[in-house]
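The values are calculated or read from the model by the stated rules, or taken from the named source; none is laboratory data. Keep in mind it's a predicted model, so treat the numbers as computed, not measured. Note that each Cβ is placed from the backbone with ideal geometry, even for glycine, and that neighbours are counted across all protein chains shown.
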Amino acid sequence: MRLSVPKEKDSVFASELFNAILTNIDDLTQENLTHPKKIVFMGHLGKEVFSFIQANGWNFDGFSLEKIDGLVNSIVFKYDAPLTVSNDPGQVTFEEGSIHGKIINGIPGDGTVHKLISSYSSPSFKVEKTVRPERRVQLTRR
């Protein structure tokens, strides 16, 4: 995503900035089922946007706002700590009459259900990994 930062910031820019912030926070929340806690403003354009937000008194309670010097002009939305994502291969999902894309015709008996579940599940392990999801908005000058 890109956002143009004008020298003279008006209500149109404020609306575009608010929309970009809202969209990225919402996307991260939907993907990871928890709100990001940190917004980092980078580069000289990031500092301008940060100053604009402070000058207009926008309320970001619950978020940590940072500004960082650097060559890359962007706004980064991220979590304050890594997230743990787990994948339990022992969970078998039955959706719309299929198991992992295989169509079930008729009503399977107990033996068939047991064979299906045992062939698609392995309850002996759980896969967990640590991720650091983030979203980035590139800032450019109009």
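Some observations on this one:
- Yes/no for residue 117 being surrounded by 13 or more Cβ atoms within 10 Å (Cβ to Cβ), in the same structural domain as residue 52 (by TED's automatic domain parsing) and at pLDDT 65 or above: no
Listed here are the residues, each with its yes/no results for (1) under 21 Å from the mean Cα position of the chain (by Cα); (2) in the same structural domain as residue 136 (by TED's automatic domain parsing); (3) without any contact (Cβ under 8 Å) to a residue 24 or more places away in the chain; (4) exposed (fewer than 14 other Cβ atoms within 10 Å of the Cβ).
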residue: 11; (1), (2), (3), (4): no, yes, yes, yes
residue: 14; (1), (2), (3), (4): no, yes, no, no
residue: 22; (1), (2), (3), (4): yes, yes, yes, yes
residue: 28; (1), (2), (3), (4): yes, yes, no, no
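- Filter result (in a loop (DSSP other than H, G, I, E, B) and either aromatic (Phe, Trp, Tyr) or over 21 Å from the mean Cα position of the chain (by Cα) (or both)) within region 73-87: 79
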